[in-house]
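As C-alpha cells, the structure follows; a few thoughts come after it.
Every read-out reported here was derived from the displayed coordinates using simple, explicitly stated rules and does not represent laboratory data. Fair warning: this is a prediction, and the values are worked out from it, not measured in the lab. Every residue, glycine as well, gets a Cβ built from its backbone with ideal geometry; the counts of neighbours run over all protein chains shown.
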Amino acid sequence: MAPACWLDRVPAGWDALLAADPNATAAHRPDLWAALAAAVPGLRPGVIAVERDGALVGGAPLVIERRAGLEWLHAMPWLLPGAPLAAPGRHDEVDAAVAEALATLQRERGVVGGAWVLYRPDGPEAAPPSVARPSGETRRLASALVHLADGPEAAFRRADRKTRQAVARAAAAGLAFAEEPAAVAAAYALHARQARGWRGHRALPLELSRRLLAAPAPPGLDGPPARLFTVRDARGLLCAALALDHPRDVLVWWSGAHPEARPRGAFAFLLWSIVAWAAARGRARVNLGASAGLDPVAAFKDALGARPHAYAVRWLDARHAGARGRLVGALQARLRRGRARGVPA
C-alpha cells in the first residue's frame, strides 16, 4: 500500500489530479478549503496525500473541526464530496491508503465523529473493506444528477412533459435568469426563511457564501468555487441558488424561493437555466443534491430528468474518544435519531 499522511497544505501535484480525475468536484478545490477556514471558526482543512516513489498518486480533502477541546473529521463538511482523487488505475490503492490514514487519525486524535462522503459518479466505487476501515456506520445516499455528455437538449427531453411546459411558460412570461453574485444577501434571506421550516436543518453561514463567491479564479479554472444564480420578474427576486462549480461537476448547494416561485414555474426555470449554463461551459454534469427523507423534493428532481446516483457515506463514531467525547458522541447520535442520513448499506 502506498504511504499516506495528512498535510495542512496543498501538496505538489494536486492541481494535476484536480484537472485529470473525472470525479473531481468543487469540494476538491483548495480555494473552497480556504473559504471554509476563513469563514467558519474551528475548521482546519488539509489533504490526506498518497505518494509513491516521492510522487503524488492520489489523495482526499479532509477538514479537522475542533470545538470545546474535541475534534471531528470531515471529508467533507455538510456532506460535500470527500472521495479520493487518484491517478488512472490507482483508485483502489489510494482508497485503501486514505482509509488507513483516516482510521489512524480517528484513533490518535480521539475524534467524536464526522463523515467520509464517497461520491464518485464516474467510478470506481470504493471497496467495502476500505470504506469500513474507519470505525463507524456505512449508509448510502443518492444524489440527483443531470448528465450533460449528450448536450442540454437531450437532458431537457428527459424531463417530464409538465416540467418542460412549466419552464417554457416561465420563459414566455418574461422571467429573467442571471448569474448575480451581488444578490447573495437577498438570496440568502430567502434560503434562511425556508430553512427555518426544515426539521434538523440549519442554514449555512452567509459569510462562507460571500467568500466562495468572491474568491479569485486560480490558474486552470474559469471562475470562483461558487456561483449565484437568480430568477427575477418585474417586481424583484423570485428565487436563487448557490452552486459550487468545477469543470466536471456543478453542485446546487443551497437555494431559496419566494412562495410565488414554484406555482409560476420559476424554480424549475432556475434549475434548468443552471443546467443550460453548465452545458454551455462544458461541465460534465449538474448535481441537484441528495433528498433523503424528502420524497416530494426527490419527485421534483426526478421530474426534471435527473437520475439518482447512490454512494456510500461512512459516519464516524466516537469509540476512540475519551469519556467526554463519547458522551458528546452519544448525545449527537440521539439528536440525529429520525433524521435522514441515508439507508443502511
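Brief remarks on what is shown
- The peptide list 235-245, 325-335, put in order of mean Cβ contacts within 10 Å with the highest first, becomes 235-245, 325-335.
- Percent antiparallel among DSSP beta bridges (both partners in the chain, rounded to 5): 90
- Per-residue HN-Hα couplings for segment 97-111 [Karplus 6.51, -1.76, 1.60; θ = phi - 60°; Hz; x = Gly/Pro]: 5, 5, 4, 5, 5, 4, 4, 5, 4, 4, 6, 6, 9, x, 6
- Ranked by the mean number of other Cβ atoms within 10 Å of their residues, highest first, the peptides 252-263, 168-179 come out as 252-263, 168-179.
- Spread over its residues, the convex hull of the C-alpha atoms of segment 144-308 is 110 Å³ per residue.
- Extending 7 Å from Cα along the Cβ direction at residue 147 and again at residue 20 yields two label points whose distance is 2.4 nm.
- Relative to the longest principal axis of the Cα atoms of the chain, the long axis of helix 323-336 lies at roughly 30 degrees.
- Computed from label points 7 Å out along Cα-Cβ, the spacing between residue 107 and residue 66 is 2.3 nm.
- Degrees between helix 30-39 axis and first principal axis of the chain (Cα, 0 to 90, nearest 10): 90
- Label point at residue 280 placed 7 Å out along Cα→Cβ; residues across segment 255-274 whose backbone nitrogen lies under 12 Å: 273-274
- Extension gain for the segment residue 234 to residue 345, taken as residue separation times 0.36 nm less the Cα-Cα distance, is 35.1 nm to one decimal.
- Distance (nanometres) between label positions extended 7 Å along Cα→Cβ at residue 179 and residue 140: 3.6
- ³J(HN,Hα), Karplus 6.51/-1.76/1.60, whole Hz, each residue of segment 58-69, x for Gly, Pro: x, x, 9, x, 8, 10, 9, 9, 10, 9, 6, x
- R0 of 41 Å, Cβ-Cβ distance residue 331-residue 127: FRET efficiency to nearest 0.05: 0.80
- Between the amide H of residue 71 and those of 112, distances stay under 5 Å, these residues lying 5 or more places away or on another chain, with hydrogens modeled in the peptide plane.
- Peptides 128-136, 97-105 ordered by average Cβ neighbours within 10 Å, highest first: 97-105, 128-136
- The C-alpha radius of gyration of the chain, expressed as a fraction of 2.2 N^0.38 Å, stands at 0.99.
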